[in-house]
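Quick note: the coordinates plus some simple rules give every number you see, no bench work behind them. As the structure is a computational prediction, the values presented were derived from the model and not from experiment. Ideal geometry is used to build each Cβ from the backbone, glycine not excepted, and the neighbour counts take in all protein chains shown.
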Amino acid sequence: MDQYRIATIPGDGIGVDTTNEAVETLHTVAEVHGGLRLHFDRYPWGCAYYLREGRMMPADGLRILGDYDSILFGAVGFPTVPDHISLWGLLLPIRQSFDQYINLRPVKLLPGVPGPLRDKGPAEIDMVCIRENTEGEYSGVGGRAHRGMDDEVVVQTSVFTRSGVTRVLRYAFELAQRRPRRDLVSATKSNALQYSMVFWDEVFAALQKEYPEVACRQYHVDALAARFITAPESLDVVVASNLFGDILTDLGGALQGSLGIPPSGNINPERRYPSLFEPVHGSAPDIAGQGIANPIAAIWAGSMLLDHLGHTDAGALLLRAIEAVTAAGQTLTPDLGGSATTRQVGDAIRAQVRALAG
């Protein structure tokens, strides 16, 4: 029996509702699997915690999380807490302290879900995006001087290291090499960013020599964003810097029909630290507590968590269950044109898990 300890941080808003469904569904997968046991510990950190305690998580929060095999995260954000406080107070410290330098986001249109692109279905929208996750434009280096004065100066510095760029690009090459199409696209903007993106392109070109079987292309990020819309079927594995990857993957989420669908993995490939899995969607305080949030992204994040723990059979079972529910089209939340509740969608997916497990 393989046993794992999972830290759960539901966070704010609909993160609580969707994480509850993900945890229950993962218990169901473990039950039908038979050789897998998951132990969940829940931590009430986030904006509500901040409003009570003056910080997003306790001072020893990272030490606590470091003892777990993995982390399941909900969402963070609340109208009275500035976004830079909520993000830099919880999620980014976890990513950086645990060296989760790979952000992995599948962009896959599920069967039965109407995507926004005419004549583009599940066969055309099926790619994986890899975003550098710990440095680049989100390094947090910079400052402000002469605040509020006419000569105020603001500096925000992007930091690109050879080791940081090499490792994310190598991860992308390795993933592309394992996939049937063996196709890799890199996002750049070297025509305007003559230092950081020229450097990125140089490392990308150097690594191509080690992976001759991988077909490589690069696009300026604006042209690549257009290609996401005009020819998504031409894309298989896409790799980008922190900021470019963030923007492109949200565009990819829109192609999936709803931000209630795409999941995300913040991964430390060497497994020296726990990795974190989460839905892409935010806390959506306008619908929090109404029981209508789509739990698919959080449950799909659970599938990615299982994959990372080495139980790809269990992860695949869970994803097949999600696809069976969307294909049937009978139990969908309002964002997908249905009238089902968060709980009803979770129940439907768990029923499919049991049915598919036989």
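Quick notes on this one:
- More than 19 angstrom apart: percent of Cα pairs within segment 119-255: 53 percent
- Positive end of the dipole of the chain (Cβ unit charges, origin at the Cα centre): among Val128, Val32, Gly252, the Cα lying farthest that way belongs to Val32.
- Of the residues Thr326, Thr18, the one with the fewest other Cβ atoms within 10 Å heads the list, and the complete ranking is Thr326, Thr18.
- Here Lys120 is the anchor, and the lysines within straight C-alpha reach of less than 30 Å, apart from those fewer than 8 places off in the same chain, are Lys108, Lys189.
- Of Ser303, Ser70, Ser163, the sequence from fewest to most neighbouring Cβ atoms within 10 angstrom is Ser163, Ser70, Ser303.
- Loop-resident trypsin sites (Lys or Arg not before Pro) (DSSP state other than H, G, I, E or B) in segment 214-312 with no more than 14 further Cβ atoms inside 10 Å of their Cβ: Arg271, Arg272.
- Residue exposure proxy: Lys108, Lys209, ordered by other Cβ atoms within 10 angstrom of their Cβ from fewest to most, comes out as Lys209, Lys108.
- Extension gain, Leu92-Asp150: 0.36 nm per intervening residue step, less the Cα-Cα distance, totals 17.7 nm.
- Using the Cβ-Cβ distance between Glu233 and Glu202 with R0 set to 25 Å, the FRET efficiency works out to roughly 0.25.
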